[in-house]
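Note sheet for the following structure.
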Amino acid sequence: MASFFSRLKSGLSRSRDALSQLVPGGSVDALSEEEWLDIEDGLIMADCGGELAGELVHKARKRRGGSVQALKESMISMLPEVKAVNMPESGPFVLLVVGVNGTGKTTTIGKIATMFRQQGRSVLVGAADTFRAAAVEQLAVWVERAGAEMVRQHEGADPAAVAFDTIQRGVARNYDVVIIDTAGRVQTDRGLMDELAKVRRVITKAYPEAPHEVWQVVDGGTGQNAVMQVDKFREVAGTSGLVVTKLDGSGKGGIVLQLSHRFGLPIRYVGVGESLEDLMAFDGEAFVTSLLPEQPE
């Protein structure tokens, strides 16, 4: 199996190749004003965003050593500390998963369920994306493959009712992990977002400590739209962590840095492909090293 670093490096090839043409080697002192401007432009094109790109360049210019190393240190220093997942001392760990359609949310839930099962934990998944029969069927395949259980109702059923039933069963039968899927929401649709807020309220009423975590799945290739999505979902659902998918050559890796910096949210996982092993726990230093071009000796 390829290493975490090598799979990340392959997935981030698009951004790294673009940066390679703009980020020169050599010492920081040797770089001209024009070269620093090129570096800043390269970071913006890698989806770091203008504000963060400027801040990274400013910090890198004040550091000693090679330019790539200085950028690397600046990037790593601005990533928020990744705290341990908020696992309860007793009762099930309840995870609410949110995100818009097309981000890979359903597949990601299946992979997370599989990971928990591989740890020996019992897992119950609530299929509250009741508006898309295909999503429920896809999730059912993953749940069965993982050896987990699933709560589902008829197409068009009330998502909050599915969430409530799932929590009740999870608590009554002493499951270790309860994962609630939600319908893909367009963050600009007030009605749909209100319904998501309702799902969260019902979960808390069913189990006052829950949800322990709210993870949003974000497509790494959607650029600034991902920023708007996280901003809105955090307001409505109380997002506590991010899963950034599709960093498989099509996505630009800088969006990971921008989201982390702007919202102070931990990146829990990144996805660089379709298979189970392609959803990987986030390692900030390895990610930054994979994003930047190799520094000449």
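Worth a mention:
- Only one entry in 40, 55 is surrounded by 15 or more Cβ atoms within 10 Å (Cβ to Cβ), at pLDDT 90 or above, assigned to a helix (DSSP H, G or I) and out of contact with any strand residue (DSSP E or B) (no Cβ under 7 Å at 6 or more places or on another chain), namely 55.
- The condition of being on the phi > 0 side of the Ramachandran plot and among the small types (Gly, Ala, Ser) holds for only one of 238, 271, that being 238.
- Number of positions in region 73-106 that are of a type outside the set (Asp, Glu), surrounded by fewer than 19 Cβ atoms within 10 Å (Cβ to Cβ) and assigned to a helix (DSSP H, G or I): 3
- Filter result for residue 244 (crowded, with 21+ Cβ neighbours inside 10 Å, under 20 Å from residue 80 (Cβ atoms), modelled with pLDDT of 90 or more and touching a helix residue (DSSP H, G or I) at 6+ places or on another chain (Cβ under 8 Å)): yes
- Residue satisfying condition, being under 13 Å from residue 176 (Cβ atoms) and free of Cβ contacts under 8 Å to residues at least 60 places away in the same chain, within set 125, 141, 136: 125
- Members of region 210-228 that are in contact with a Gly (Cβ under 7 Å, 6 or more places away or on another chain) and either without any contact (Cβ under 8 Å) to a residue 24 or more places away in the chain or closer than 14 Å to residue 179 by Cα (or both): 213, 214, 215, 216, 217
- Selected residue [small (Gly, Ala, Ser) and within 17 Å of residue 98 (Cα to Cα)] from 172, 163, 148: 163
- Checking each residue of region 264-282 against the condition of being of a type in the set (S, T, N, Q) and over 23 Å from residue 112 (Cβ atoms) gives no match.
To keep it simple, each residue is scored yes or no on (1) at pLDDT 90 or above; (2) closer than 19 Å to residue 287 by Cα; (3) touching a Lys or Arg at 6+ places or on another chain (Cβ under 7 Å); (4) among the acidic types (Asp, Glu).
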{"position": "7", "(1), (2), (3), (4)": "no, yes, no, no"}
{"position": "13", "(1), (2), (3), (4)": "no, yes, no, no"}
{"position": "30", "(1), (2), (3), (4)": "no, no, no, no"}
{"position": "33", "(1), (2), (3), (4)": "no, no, no, yes"}
{"position": "70", "(1), (2), (3), (4)": "no, yes, yes, no"}
{"position": "74", "(1), (2), (3), (4)": "no, yes, yes, no"}
{"position": "82", "(1), (2), (3), (4)": "no, yes, no, no"}
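- Subset of region 214-238 (residues that are touching a Phe, Trp or Tyr at 6+ places or on another chain (Cβ under 8 Å) and surrounded by fewer than 20 Cβ atoms within 10 Å (Cβ to Cβ)): 231, 234
- Among the residues making up region 224-255, those that are out of contact with any Lys or Arg (no Cβ under 9 Å at 6 or more places or on another chain) and more than 21 Å from residue 184 (Cα to Cα) are 248, 254.
- The set of residues in region 147-183 that are within 12 Å of residue 131 (Cβ to Cβ) and touching an Asp or Glu at 6+ places or on another chain (Cβ under 7 Å) comprises 159, 181, 182, 183.
- When region 58-68 is filtered for residues that are modelled with pLDDT of 80 or more and crowded, with 21+ Cβ neighbours inside 10 Å, only 60 remains.
- Test: residue in region 221-239 that is within 13 Å of the chain's Cα centre (by Cα) and part of a strand (DSSP E or B): no
The values are calculated or read from the model by the stated rules, or taken from the named source; none is laboratory data. Treat the numbers as computed from the prediction; the structure is a model and nothing was measured. In this analysis, Cβ positions are derived from the backbone assuming ideal geometry, glycine residues included, and neighbour counts consider all displayed protein chains.
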